[in-house]
Amino acid sequence: MHDEPEIEMVAMLSASLALVKPAGMTSKEAEDWLDAAFDALAHLPLHIFRDGIRAARLTCDHPSKIVPAVVAATKDALAWHNRPKHPPVLRLVAPEGPAHHEPLPHPDTLMPSLKRIGLKEGWIVDGPNGLEWSQEKSA
């Protein structure tokens, strides 16, 4: 079990380097490569990095190809991960008139957020007997 994503990322980079490490690469050069590779890929979330490093292991035959392969393999997933995320907009629709369907729930039984929206938009009004659906079309 890993406490930090960085530890797992460095371990996966190290394992990938071990697969393609040239015979003449010294331990200092390997350490420098790991530092540079981690710095280049540290911006990736761990779940996206895992997919990218797996793809790199399948195609790379030299250490210089690992980082570009990870970047290429994670490009679309990272764009999706970083896309603007807007919360859904809920709209409360005013009734069309006398309902022939099931009756509307009593306004007091609505979630507080829906009740506030209904009061704000005028679909729910404070009548003589408490909160009730407005008879006028507000929408």
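Among the conditions (1) over 30 Å from Trp133 (Cα atoms); (2) surrounded by 10 or more Cβ atoms within 10 Å (Cβ to Cβ); (3) not hydroxyl-bearing (Ser, Thr, Tyr), the only one that Asp108 does not satisfy is (1). How many residues are more than 16 Å from the chain's Cα centre (by Cα) and at pLDDT below 95 when one looks only at the range 42-53? Total meeting the criteria: 1. In the condition set (1) exposed (fewer than 12 other Cβ atoms within 10 Å of the Cβ); (2) outside the structural domain of Met111 (by TED's automatic domain parsing); (3) not in a helix (DSSP H, G or I), Leu44 is compliant with all but (1). Considering only residues in the range 1-29 that are among the charged types (D, E, K, R) and more than 27 Å from the chain's Cα centre (by Cα), the one that is surrounded by the fewest Cβ atoms within 10 Å (Cβ to Cβ) turns out to be Lys28. Scanning the range 17-41 for residues that are touching a helix residue (DSSP H, G or I) at 6+ places or on another chain (Cβ under 8 Å) and in a loop (DSSP other than H, G, I, E, B) yields a count of 3.
Among residues of the range 58-83 that are surrounded by 15 or more Cβ atoms within 10 Å (Cβ to Cβ), those with a Cβ under 9 angstrom from a residue that is of a type in the set (Lys, Arg) and not in a helix (DSSP H, G or I), sequence gap 6+ or separate chain, pair up as Pro63/Lys21.
For the residues Asp61, Asp32, the requirement of being modelled with pLDDT of 95 or more, outside the structural domain of Glu121 (by TED's automatic domain parsing) and over 27 Å from the mean Cα position of the chain (by Cα) singles out Asp32. Within the range 91-116, restricting attention to residues that are modelled with pLDDT of 80 or more and in a loop (DSSP other than H, G, I, E, B), the residue that is nearest to Ile48 (Cα to Cα) is Met111.
The values are calculated or read from the model by the stated rules, or taken from the named source; none is laboratory data. On a predicted model such as this, the values are computed, not experimentally measured, just so you know. Here the Cβ is made from the backbone with ideal geometry for all residues, glycine too, and neighbour counts use every protein chain on show.
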